[in-house]
């Protein structure tokens, strides 16, 4: 598992133009792996719950190289409406790749059962 994670990080590092920071925030279960500018395809995927059922809700993902990254909109500096014109197209973005809870936002005080893993936040769209 550890070697797989290291290989994944190495692939990300070499597949993007620029890497600028490493930051850890262990207290709130968020770990920033790195920040970079990259070009990826913006796609939608249907939400699948823990028992494998769909409910018609679609979520935005960035397809970068061989990996699809969930976009955590509540932490991003952009909105869904700003991203929609790029759906199923390439888009150059400044992103941070993080590990943590997908569905839990800092502005929400309620506790939710959340998916956990690697996700991205988008700092800005490069025009």
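The values are calculated or read from the model by the stated rules, or taken from the named source; none is laboratory data. Source: prediction; values computed, not measured. Every residue, glycine as well, gets a Cβ built from its backbone with ideal geometry; the counts of neighbours run over all protein chains shown.
Brief remarks follow.
- In segment 101-110, the residues that are at pLDDT 75 or above and more than 12 Å from the chain's Cα centre (by Cα): 104, 105
- Residue within segment 78-100 that is part of a loop (DSSP other than H, G, I, E, B), within 16 Å of the chain's Cα centre (by Cα) and modelled with pLDDT of 75 or more present: yes
- Given (1) surrounded by fewer than 16 Cβ atoms within 10 Å (Cβ to Cβ); (2) out of contact with any strand residue (DSSP E or B) (no Cβ under 6 Å at 6 or more places or on another chain), number of the condition residue 104 does not satisfy: (1)
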